[in-house]
Every structure is written in C-alpha cells, then in structure tokens.
Amino acid sequence: MTETTTNKSTKKSSSVRHTRAIQRDRSKRPLAAPPDEQISQRLTEIVHPATLAQVAHYHELGLRERVLNLPVMVALVLSMIWRQVAGVNELVRLLCAEGLLWAAPQRISQQAVSERLRTLPAELFLRLLLTILPQLQERWQARQRPLPPEIAWAQRHYRQVLIHDGSTLDALLRKVGLLREADAQPLAGRMTALLDLTSRLPRQVWYEEDAQANDQRFWPQLLAALAAGSLVIFDLGYTNFMVFAQLAAAQVTWLTRAKSNLAYEVERHLQRTAAVHESLVWIGQGAERQLVRLISVLYQGTWYRYLTNELDTERLPAPYAVALYWQRWRIEDAYAIVKRLLGLAYFWVGAQNGVVLQLWATWLLYAILVDLTDAVAEALNRPFAAISLEMVYRSLYFFTQAYHRGEATDPVAYLAQNADWLGILKRKRPRPPSSLTLLDLTNASDP
C-alpha cells in the first residue's frame, strides 16, 4: 500500500470516527422538557413580532403561503435548537403531539420539513436576527449591573467596544442529502462575528461557504460595519497594514497583538520600566507606512506585545489596552456556546441553505440566552462575566419543573434565588499577585 493510500485511509477512518462521535453525543442528550409558558412567552415576545414583520418580504420573494410558512418554520427551527431535538423526524412528532412555540399542533411529513429546510431562503433568518439584535441591545442598556473596570472605562471613552474573530464550522455528516456519495466529509464553512464586548451581543455575523477562506477576506464587511469613535479588538491573524490605515482614516481605534516578526522603526520611547515598554514606531512601507504605538508587557517571564493606532497614552493607557485585549477571549466563549451548547457542531441537512439557516437561528438563540443571563446578573447585582451562560441554559429544566409544581413563576427570579446550587455563579479564580498592577484590571488567566 502506498503512503498516499495510507494517508487517505487514515483520514477517512478519522472522519468516520468523528461522525459517529457526533451522532453518539447527540443521541445521548435527553430531549429537553417542553418549555413552560413563561419561557415560551419570553421567546414569543422577542421573536414572533419580528417574524411577522418579515412576512411582507417573504411574499416579495415570491414565496407562497402554505402550511410551513415563515412563522411556523421559525417556531420549528428555534424549537429544534433550543430543545436539542435530535432530528427532523423527532421534530415532526413534537409538532404533531404538542405544537411548538406559536405553531399549533398539526400533522406534517418529515419530507416536507426537510425540503423546507433546504429551500426556505436563509436570508429571512438573517433579517430576523438583525432586526432583533438592536432591541436586545436596548434591553441591555436599560439594565443596571456591575461591569469589569476595564469595560466600564472603555464604555465611557468609546462609542462602541467591539471584538472580532472567525471560526471554522464542523464537518457535515456525509449521510445527509447530496453528501451521501461524497468521498469525504466537507466542512460546513466559516463564520466570523463582531461582538459588542460590553453586552456580549453580536453586532454582525458573516458566513463564508469556503471553510479554508482566509480571515482577511472579511475585512470589507468589517470596515463597513465599524462606526467612527469605536474601538475594535482583533487577533494578529487580521494584521493588514493597508486596513490599519483605512481604520485610522475612518476614526476607528484598533488594538491587536503584534506578530513576532513585526518589522518596525522606533520613532521615540514613551515608557521603559522593568515590566512595561511603550514606544511610537513606524510600520509598513510606502503608502502603508504609518505611526503606531507598540506596548510590551512582561508576564510570567514572557514579553507580550500589542499594537494600537491610539498614540496618546492618556486616551488609551497601557493597563487598559492590555486588559481590554485580554477580554478578546470572550468571543471564543461565544463560539463555544453556539457550537457546543446550542449544537452548531451538528447539521440537520447537507444543503448549503440549511447550514446557513441553522447558523443564523443559532446566533439568534445565543443572543436571547445572553439577554436572559444578563437579566439574572442584574437580579444578583453581579457582573455578567460572573454568570455562566451554560448553567443558565441547563437550569431552565429545573425552573420548568418548579413552574409545573406551582413553586415558581418567573425564570429570572428563580434562577437568581437558586444561583448557588444550580451552579449559575462561576467559581472565583485566584487573583494574580498585587504587585502585577497591570493584571489587577482583569480576571483573565492569560494575556
């Protein structure tokens, strides 16, 4: 057997094991209990009016009114994700037996639902997401709860504080749809999100069918989404001197890590202590040549370097710059929630449209979960970061049981009152030594 054949066989075997692991994980998850009236009402209050507002556009697309119309399909898709329904067959049985959210009980075939998932324009779910996000942002603004000091400071100094990164979606199951005859399991594509660091709500989410797409491909959409006076934080994979200049011209402050092989020319030093170095440096060549600020911090024997176009150390002091960059990890937390907790690592259909439809619906439910978690944080008067989104989601089962026993009526009050034994409050991590004054602004564990 040749080396090439061996490699293909190994990859195929690994792919099959991955598929079976996903299926086992999915089959082990118990079906969530039917949501009580309060949870259903919360989802209906936020989503249903926005869904009805999209019906006119639904007709403009030439789509016929039918049993599986837009409101019904939104109810089915959101229920499938929220309740962790294992597949379309099970979804159809639930619709027949119980009804789902605002969709009344009715008999419909599995084939009809699968076909609708493949053909209903996914853009309808994207429009729904973008309609609801500003409403949730307003709800966040109306609440009162403590904020981490660096985020509270940044909120006072910038119009928006945004974090950005991309993530590859998991492999499609080969047995689904047109993929049955494929030799390998293709990845489902790549998503990239722009999150509000203060509220943890997405501002924009983009999708690229090519799973191997370079992160740089998303810069045009990002530039169009950023408003003057904003601060945007991103990883060093997005380093692009031309874009840096465009951001500065748009009056957007940016902050990122410096690459290890960064070439620069020192203009002048601003600060040089045992643990912190700050300098104004020139980067780029020709039209891309620009003056930026290089911040270097010594942490546990390693120097970490950051770049920003904010040259004024008073407008963005080094401690806040470092602490805010450490908060960039919150976008990785968001990806973990949508992929692992809300099931975006498992796709129901092989058609591209179904993948994208599920993507927008999952981010919509993520935003609603963030909104619920933030309400719990307000009730406890604790920072949002002290509350576990995962345990809020998992604890809704216990609220449902208490509700049906007549022991609880308000999910926020119930979760707040039982936060300790439900595990909703995160365990406190050890704080770093007080001598590391830069780290006193953040509870992050890694620069």
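Brief remarks on what is shown
- Filter pass, residue 249 being touching a residue at least 60 places away in the same chain (Cβ under 8 Å), in the same structural domain as residue 157 (by TED's automatic domain parsing) and loosely packed, with under 15 Cβ neighbours inside 10 Å: no
- Counting only helices (runs of 4 or more DSSP H) that fall entirely inside segment 32-138 and contain at least 2 residues that are under 30 Å from residue 155 (Cβ atoms) and modelled with pLDDT of 85 or more, the qualifying elements are 37-53.
- Residues of segment 309-326 satisfying the condition of being outside any loop (DSSP other than H, G, I, E, B) and either touching a helix residue (DSSP H, G or I) at 6+ places or on another chain (Cβ under 6 Å) or among the small types (Gly, Ala, Ser) (or both): 318, 319, 320, 321, 322, 323, 324
- So residue 177, is it of a type outside the set (Lys, Arg), touching a helix residue (DSSP H, G or I) at 6+ places or on another chain (Cβ under 8 Å) and at pLDDT below 75: yes
- Residues of segment 224-255 classified as among the hydrophobic types (A, V, I, L, M, F, W, C), over 22 Å from residue 329 (Cβ atoms) and part of a loop (DSSP other than H, G, I, E, B), total: 3
- Subset of segment 138-153 [under 21 Å from residue 52 (Cβ atoms) and not acidic (Asp, Glu)]: 139
- Segment 228-244 - residue that is at pLDDT 95 or above and small (Gly, Ala, Ser) and, of those, surrounded by the most Cβ atoms within 10 Å (Cβ to Cβ): 230
- Entry remark, segment 399-431: residues being surrounded by 13 or more Cβ atoms within 10 Å (Cβ to Cβ) and either in contact with a His (Cβ under 6 Å, 6 or more places away or on another chain) or not in a helix (DSSP H, G or I) (or both) number 8 in total.
- Residue count for segment 213-227 satisfying the condition of being surrounded by fewer than 16 Cβ atoms within 10 Å (Cβ to Cβ) and within 18 Å of residue 310 (Cα to Cα): 2.
The values are calculated or read from the model by the stated rules, or taken from the named source; none is laboratory data. Keep in mind it's a predicted model, so treat the numbers as computed, not measured. Cβ coordinates were reconstructed from backbone atoms using ideal geometry, including for glycine residues, and neighbour counts include every protein chain displayed.
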